[in-house]
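J.: Before we start, here is the structure in question, set down as structure tokens.
The values are calculated or read from the model by the stated rules, or taken from the named source; none is laboratory data. For clarity, every value in this text was computed on a predicted model and none was experimentally measured. Please note: Cβ atoms are built from the backbone with ideal geometry, for glycine as well, and neighbour counts cover all protein chains shown. For accessibility, only protein heavy atoms count, side chains too; no ligands or nucleic acids. Shrake-Rupley method; radii C 1.70, N 1.55, O 1.52, S 1.80 Å.
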Amino acid sequence: MPLTITFDLEDNRSSSVQEERFVAMTHRFLEFVEQRGITATVFIVGELGRSHTELIRRAADAGHEIGLHGLRHVALGAVGASRLRAELEEGRALLEDAGQAPVSGFRAPIFSLTPTTEWAVEQIASAGFAYSSSVLPAANPLHGWPGAPRQPCRWTNGLVELPCPVAGAGRLSIPFLGGIYLRYVPLGLARRLLAGLGDGSAPWSYCHPYDIDPDEPFFVMPHAGWLTSRILHTRRRATLSRLEALIGAAGGTAPPLGEIARELSSRELPRIGSA
């Protein structure tokens, strides 16, 4: 079951006086995938279109799909219904201008599309996005939607949702292909979980610049407490080697999420949403 590789490009610093490390780590990630002939989906915080145009152009020129990771790296609930549409449109325009490439996909920061922020779905679609990759269908310390479909699905307005791959039951369900789970879950177990995802799945991995930065000094991240930040800070040296092992276990890589969403757009898919 080939694996799509995704990357959430964000500035995780809690203060502007901290050293800017995400640019170097983004280049490290892009070099990793390009050396292996992989075309990734890179979800980028829109504000970086103003300050780091060359980094976005670097990813787009290499053929990677560019998606929006919010105008700011702020959960949907914190943005609010009155501001979201404007932020989506502004972020998309900034990325399209910087990358000179269309942006059709959206990933909510911190997987913050949950039952309490379902109102955002209409705004995501009306802002021109063809698909979302924003739901974590499991309980999670930050954001999650237990009971949501685990396979590609469709919102009632037609928007395709490519949920975060999870495995396990109940509160033991985990997004084992990304972030801290990518480097904490034993490789043998991760292989078995990947093999067990079943027909109809569209598995993808995810990581962030900090996930591949073992030398970053510890600090408490803006969206996490001390304990979560400490967990996020450990075992980073293993991330890329673990990702490479999972690619091998999956039998290779799949196309970017935008291509998968286009292929799924004409299919019957499970429904998600209350309306």
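J.: Hey, could you check the stretch 151-169 for residues that are over 16 Å from Leu257 (Cβ atoms) and part of a loop (DSSP other than H, G, I, E, B) and say which is least open to solvent (accessible area, probe 1.4 Å)?
T.: Checked the stretch 151-169; the qualifying residue least open to solvent (accessible area, probe 1.4 Å) is Val166.
J.: Filter the stretch 46-60 down to residues that are in contact (Cβ under 8 Å) with a residue 12 or more places away in the chain and of a type in the set (D, E, K, R) and give me whichever is surrounded by the most Cβ atoms within 10 Å (Cβ to Cβ).
T.: Glu47
J.: May I ask you to list the residues in the stretch 224-238 that are on the phi < 0 side of the Ramachandran plot and either part of a loop (DSSP other than H, G, I, E, B) or in contact with a strand residue (DSSP E or B) (Cβ under 6 Å, 6 or more places away or on another chain) (or both)?
T.: Ala224, Gly225, Thr234
J.: Among the candidates Arg242, Arg191, single out the residue that is without any contact (Cβ under 8 Å) to a residue 60 or more places away in the chain and not in a loop (DSSP other than H, G, I, E, B).
T.: So the residue among Arg242, Arg191 that is without any contact (Cβ under 8 Å) to a residue 60 or more places away in the chain and not in a loop (DSSP other than H, G, I, E, B) is Arg191.
J.: Tell me, which strands (runs of 3 or more DSSP E) lie completely within the stretch 1-85 with 1 or more residues that are touching a Lys or Arg at 6+ places or on another chain (Cβ under 6 Å)?
T.: Ranges flagged: 41-44, 65-68.
J.: Does the stretch 12-32 hold any residues that are open to solvent by 70 Å² or more (accessible area, probe 1.4 Å) and in contact with a helix residue (DSSP H, G or I) (Cβ under 8 Å, 6 or more places away or on another chain), and which are they?
T.: Within the stretch 12-32, just Arg28 meets the criteria.
J.: Restricting the first residue to the stretch 204-215 and requiring it to be at pLDDT 95 or above, which pairs with a second residue that is of a type in the set (Ser, Thr, Tyr) meet a Cβ separation below 7 Å and a spacing of at least six or different chains?
T.: Trp204/Thr4; Trp204/Thr6; Ser205/Thr6; Tyr206/Thr6; Cys207/Thr239; Pro209/Thr26; Asp211/Thr239; Ile212/Thr239
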